[in-house]
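The values are calculated or read from the model by the stated rules, or taken from the named source; none is laboratory data. Predicted model, so just to flag it, every value in this text is computed and none were measured. Heads up, the Cβs are rebuilt from the backbone with ideal geometry, glycines too, and the neighbour counts pull from every protein chain shown.
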Number of protein chains: 2
Amino acid sequence: MTINYIKNGNEIYSKSFAMIRSEANLSVLAPDVANVAVRLIHACGMTDIVYDLAASPTAVESGRTALAAGAPILCDCRMVAEGITRRRLPADNSVICTLNHPDVPELAQKLETTRSAAALELWLPVLEGAVVAVGNAPTVLFRLLEMLSAGAPKPSLILGFPVGFVGAAESKAALAADSFGVPFMTLHGRRGGSAIAAAAVNALATEEE
Amino acid sequence: MTINYIKNGNEIYSKSFAMIRSEANLSVLAPDVANVAVRLIHACGMTDIVYDLAASPTAVESGRTALAAGAPILCDCRMVAEGITRRRLPADNSVICTLNHPDVPELAQKLETTRSAAALELWLPVLEGAVVAVGNAPTVLFRLLEMLSAGAPKPSLILGFPVGFVGAAESKAALAADSFGVPFMTLHGRRGGSAIAAAAVNALATEEE
């Protein structure tokens with residue numbers, strides 16, 4: 001049996017992006033956000049996410065500048081870290097996920113929160129100016145907002161894409177309502193996930209499609 | 001500032017699954033498939049995937065039996081491998097991803113296909129009886145069907161969840177039309193992704209929610 005399908009990776013990419021640009025209503029987004037949105041749509045297969053995307057005015061510029069200057073990327077889970085394409089990163093940026101650090105289970109007990117949220121304690125030394133990518137846990141986004149409210153160092157950008165039924169929409173609404181002056185990008189509602197969070201980092205890492 | 005949100009991981013899980021069971025129209029699925037669907041919905045935040053899910057009659061049973069007997073899990077990308085919760089696996093099953101094997105770039109050139117599809121050549125020694133989890137590349141699903149058509153050893157189950165615009169819907173339609181006798185589960189259309197593929201493995205690994 002011979003199946004007829006496109007086997008050339010570059011051709012698959014360029015045809016995918018052409019389909020997205022032709023089908024998605026990118027005009028509802030600022031032009032720099034639209035360029036990022038193309039990769040987010042590519043990661044999830046859904047063109048209608050444009051209507052749920054929100055970004056602060058300087059989000060894309062802040063993220064691109066920070067990454068070019070070597071900012072570390074802080075991920076809430078290993079899947080986000082794995083989804084970041086290292087060769088796209090402009091400054092061999094560190095990709096950090098503290099979730100599986102041996103101190104985290106004890107921190108979670110002490111702080112009476114999820115392991116995902118407790119892992120943020122270990123971000124503090126590198127949080128200032130970092131690019132934060134949340135693709136899984138709403139509690140991470142809630143905890144980050146609490147830390148910022150309490151005067152924690154400010155990252156350059158928060159990519160807030162937790163997914164699910166309990167707290168996901170609420171945490172993203174809280175981010176969009178008051179991000180404590182930190183530029184952000186988010187997808188309102190229940191949709192999100194690590195592939196979208198990683199795609200946002202990949203889009204900001206280089207303008208090359 | 002104090003934000004009011006649920007911080008207990010178990011409570012978040014049980015409330016999420018209760019919301020899904022209350023909102024999703026699980027009655028369109030066979031009961032064993034519905035139990036898996038709950039975790040897929042949890043991974044993507046979308047209850048309407050039930051209408052695009054398809055599974056062969058023995059898919060769930062075949063996957064559960066294979067995993068319990070120690071079958072390896074073959075993943076098309078690192079994100080799927082990272083999304084599989086090791087402590088849920090019933091027999092300390094191997095989780096294998098050959099995409100980054102040093103031989104793959106040369107294989108891809110020789111076979112004139114994507115690296116994702118070329119990486120399947122390295123699955124051959126462990127393909128028989130394995131659980132295959134595809135969460136990214138349509139070319140992987142196409143290539144697997146070609147290999148099965150040519151007489152390759154049969155896995156116990158194909159979890160076919162590639163995502164995107166070029167080949168994703170087509171490869172899943174081809175799987176559902178003729179899986180060469182291999183049990184399968186898939187999500188028709190453009191939606192899919194590594195979180196859904198990993199969630200399917202996690203659901204089959206144990207019935208514990």
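Within the group B:Pro155, B:Pro183, B:Pro125, which residue is over 24 Å from B:Val50 (Cα atoms), more than 10 Å from chain A (Cβ to nearest Cβ) and touching a residue at least 60 places away in the same chain (Cβ under 8 Å)? Spell out how you get there, then give the answer.
Values: B:Pro183 fails: over 24 Å from B:Val50 (Cα atoms); B:Pro125 fails: touching a residue at least 60 places away in the same chain (Cβ under 8 Å).
Of the residues listed, the single one that is over 24 Å from B:Val50 (Cα atoms), more than 10 Å from chain A (Cβ to nearest Cβ) and touching a residue at least 60 places away in the same chain (Cβ under 8 Å) is B:Pro155.
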Discussion item. So A:Tyr5 passes all but one of these: (1) at the interface with chain B (Cβ under 9 Å from one of its Cβ atoms); (2) under 17 Å from the mean Cα position of the chain (by Cα). Which condition number does it fail?
Written reply: (2)
Item to complete: Working carefully through the options A:Ala130, A:Ala108, A:Ala137, A:Ala117, find the one that is within 24 Å of B:Thr85 (Cα to Cα) and touching a residue at least 40 places away in the same chain (Cβ under 8 Å).
Response: A:Ala137
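Kindly indicate which of A:Gly83, A:Gly167 is in contact with a helix residue (DSSP H, G or I) (Cβ under 6 Å, 6 or more places away or on another chain), touching a residue at least 60 places away in the same chain (Cβ under 8 Å), within 14 Å of chain B (Cβ to nearest Cβ) and closer than 19 Å to A:Ile196 by Cα. Lay out the reasoning, then the answer.
On the way: A:Gly167 fails: touching a residue at least 60 places away in the same chain (Cβ under 8 Å).
From the options A:Gly83, A:Gly167, the qualifying one is A:Gly83.
Residue by residue, here is whether (1) within 12 Å of chain A (Cβ to nearest Cβ); (2) of a type outside the set (A, V, I, L, M); (3) farther than 23 Å from B:Thr58 by Cα holds:
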residue: B:Pro102; (1), (2), (3): no, yes, yes
residue: B:Val134; (1), (2), (3): no, no, no
residue: B:Pro138; (1), (2), (3): yes, yes, yes
residue: B:Lys172; (1), (2), (3): yes, yes, no
Discussion item. Please count how many residues of the stretch B:178-192 are under 12 Å from B:Leu141 (Cβ atoms) and either modelled with pLDDT under 95 or out of contact with any strand residue (DSSP E or B) (no Cβ under 7 Å at 6 or more places or on another chain) (or both).
Written reply: 1
Worksheet entry | Members of the stretch A:58-80 that are part of a helix (DSSP H, G or I), in contact (Cβ under 8 Å) with a residue 24 or more places away in the chain and under 21 Å from A:Pro153 (Cα atoms) | A:Ala59, A:Val60, A:Glu61, A:Ser62, A:Gly63, A:Arg64, A:Thr65, A:Ala66, A:Leu67
Discussion item. Condition first: under 18 Å from B:Glu208 (Cα atoms), buried (at least 20 other Cβ atoms within 10 Å of the Cβ) and not β-branched (Val, Ile, Thr). Now tell me which residues in the stretch B:71-88 satisfy that.
Written reply: B:Gly83
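Which one is farthest from the other protein chains (Cβ to nearest Cβ) among residues in the stretch A:187-196 that are assigned to a loop (DSSP other than H, G, I, E, B) and not charged (D, E, K, R)? Give the steps one after another, and end with the answer.
First, the residues of the stretch A:187-196 that are assigned to a loop (DSSP other than H, G, I, E, B): A:188-193.
This time we only want the ones that are not charged (D, E, K, R), so: A:188-189, A:192-193.
Working: A:His188: 11, A:Gly189: 7, A:Gly192: 7, A:Gly193: 5 Å.
Looking at residues that are assigned to a loop (DSSP other than H, G, I, E, B) and not charged (D, E, K, R), I get A:His188.
In this structure, does A:Phe142 turn out to be more than 7 Å from every other protein chain (Cβ to nearest Cβ), within 16 Å of the chain's Cα centre (by Cα) and among the aromatic types (Phe, Trp, Tyr)?
Working: more than 7 Å from every other protein chain (Cβ to nearest Cβ): no; within 16 Å of the chain's Cα centre (by Cα): yes; among the aromatic types (Phe, Trp, Tyr): yes.
So A:Phe142 fails the test.
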Fill in: Residue that is nearest to A:Ala174 (Cα to Cα), among those in the stretch A:11-36 that are more than 14 Å from chain B (Cβ to nearest Cβ), of a type in the set (A, V, I, L, M) and part of a helix (DSSP H, G or I)
A:Val33
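For B:Ala199, indicate whether it is under 19 Å from B:Leu40 (Cα atoms), assigned to a helix (DSSP H, G or I) and either in contact with a strand residue (DSSP E or B) (Cβ under 8 Å, 6 or more places away or on another chain) or touching a residue at least 24 places away in the same chain (Cβ under 8 Å) (or both). Spell out how you get there, then give the answer.
Values: under 19 Å from B:Leu40 (Cα atoms): yes; assigned to a helix (DSSP H, G or I): yes; either in contact with a strand residue (DSSP E or B) (Cβ under 8 Å, 6 or more places away or on another chain) or touching a residue at least 24 places away in the same chain (Cβ under 8 Å) (or both): yes.
When the stated conditions are applied, B:Ala199 passes them.
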Worksheet item: Could you list, in sequence order, the residues of the stretch B:37-57 that are assigned to a helix (DSSP H, G or I), in contact with a strand residue (DSSP E or B) (Cβ under 7 Å, 6 or more places away or on another chain) and crowded, with 22+ Cβ neighbours inside 10 Å?
Response: B:Ala37
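Check the stretch B:60-70 and report whether any residue there is within 14 Å of another protein chain (Cβ to nearest Cβ) and buried (at least 18 other Cβ atoms within 10 Å of the Cβ). If you could, list the steps in order and put the result at the bottom.
Here is the first cut: in the stretch B:60-70, the ones within 14 Å of another protein chain (Cβ to nearest Cβ) are none.
Within the stretch B:60-70, none of the residues are within 14 Å of another protein chain (Cβ to nearest Cβ) and buried (at least 18 other Cβ atoms within 10 Å of the Cβ).
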Worksheet item: Restricting the search to the stretch B:193-208, which residues are out of contact with any Cys (no Cβ under 9 Å at 6 or more places or on another chain) and either of a type in the set (Lys, Arg) or at pLDDT 95 or above (or both)?
Response: B:Ala200, B:Asn202, B:Ala203, B:Leu204, B:Ala205, B:Thr206
